[in-house]
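Notes for the one structure printed next.
The values are calculated or read from the model by the stated rules, or taken from the named source; none is laboratory data. Not measured: the values here are computed from a predicted model. Cβ coordinates were reconstructed from backbone atoms using ideal geometry, including for glycine residues, and neighbour counts include every protein chain displayed.
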Amino acid sequence: MPDRLFLVPKVGNGITENCGPKYFWQDVPPPQSPSLIAGTWGALDCDECMLVGATVTAGELASISANSDCVLVPANLDGTVGANLATAQTALEAQQIPAGWITSGMTWRTVVRWITRYFLIRQSFPQIHAPGQFFNGSFTLDSTIASLTQAQRNKLTAAANALHLDSSGVTGGMTLRAALKTVADQLPFAPSIGPVTL
């Protein structure tokens, strides 16, 4: 059974119900949360999506990847993005993941490693909104830092400080896209996601 990476929606709100990756996990009354696949998997979450590393059967791979809300990362992580650049950027941006920095000559491994950094920094943010979703319609990746409220800017600075990251290069005129890239670049990447080694 192959080990693959998927970007899928997160199901469950994590407040009144458990949450996990769609197509891999089924919420039932705790403590049981049965897997929907035969193999093992692990995941990182970011707002409403999750990056999943999973060992899947050929049938599971075909079934999961056939869904329009699933992004399947190519099996060869050392292959370059190439002609898939626009498709990859569009899929990531749809999930509020900055993607303008990706080039066709980059490997998928480089892209995925940075996405893990981004997810880790986003997980460190204190609640900016209630119930806690970072992008809730009041700002986007193209919003400037100066357009955020002082309280929101303070929370972002506190998150960077808590991770011992340097945010001195972030300016008011910088977009959230650029600011998040600048800060997330400083984080180490996750060495693996489930069975997939990065």
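Six or more apart or on different chains, Cβ under 8 Å: which pairs go from a residue in the range 141-158 that's within 15 Å of V183 (Cα to Cα) to one that's among the charged types (D, E, K, R) and in a helix (DSSP H, G or I)? Could you list them?
Sorted first by the residue in the range 141-158, then by its partner, the pairs are L141/E93; L141/R177; I145/R153.
Among the numbered conditions (1) under 23 Å from Q123 (Cα atoms); (2) hydrophobic (A, V, I, L, M, F, W, C); (3) touching a helix residue (DSSP H, G or I) at 6+ places or on another chain (Cβ under 6 Å), tell me where L7 comes up short.
(3)
Can you tell me how many residues in the range 142-179 are at pLDDT 90 or above, aliphatic (A, V, I, L, M) and part of a helix (DSSP H, G or I)?
5
Need pairs with beta-carbon distance below 7 Å; first residue closer than 23 Å to D78 by Cβ and within the range 92-105, second of a type in the set (S, T, Y) and buried (at least 19 other Cβ atoms within 10 Å of the Cβ); sequence gap 6+ or separate chains.
That search, which allows pairs on different chains as well, returns I97/Y118.
Please verify whether Q89 is modelled with pLDDT under 95 and within 17 Å of K181 (Cβ to Cβ), treating the condition exactly as stated.
No, not satisfied.
So which of T57, T90 ends up being out of contact with any strand residue (DSSP E or B) (no Cβ under 6 Å at 6 or more places or on another chain), exposed (fewer than 15 other Cβ atoms within 10 Å of the Cβ) and farther than 24 Å from P191 by Cα?
Only one candidate passes the filter, namely T90.
If only one of N136, N76, N67 is modelled with pLDDT under 95 and assigned to a loop (DSSP other than H, G, I, E, B), which one is it?
Only one candidate passes the filter, namely N136.
Is there any pair linking a residue in the range 70-89 that is within 19 Å of W101 (Cβ to Cβ) to one that is in a helix (DSSP H, G or I) and polar (S, T, N, Q), with Cβ under 8 Å and at least six apart or on different chains, and which?
What qualifies is P74/N84.
So which residues in the range 97-112 are within 18 Å of A179 (Cα to Cα) and buried (at least 16 other Cβ atoms within 10 Å of the Cβ), if there are any at all?
I97, P98, A99, I102, V111
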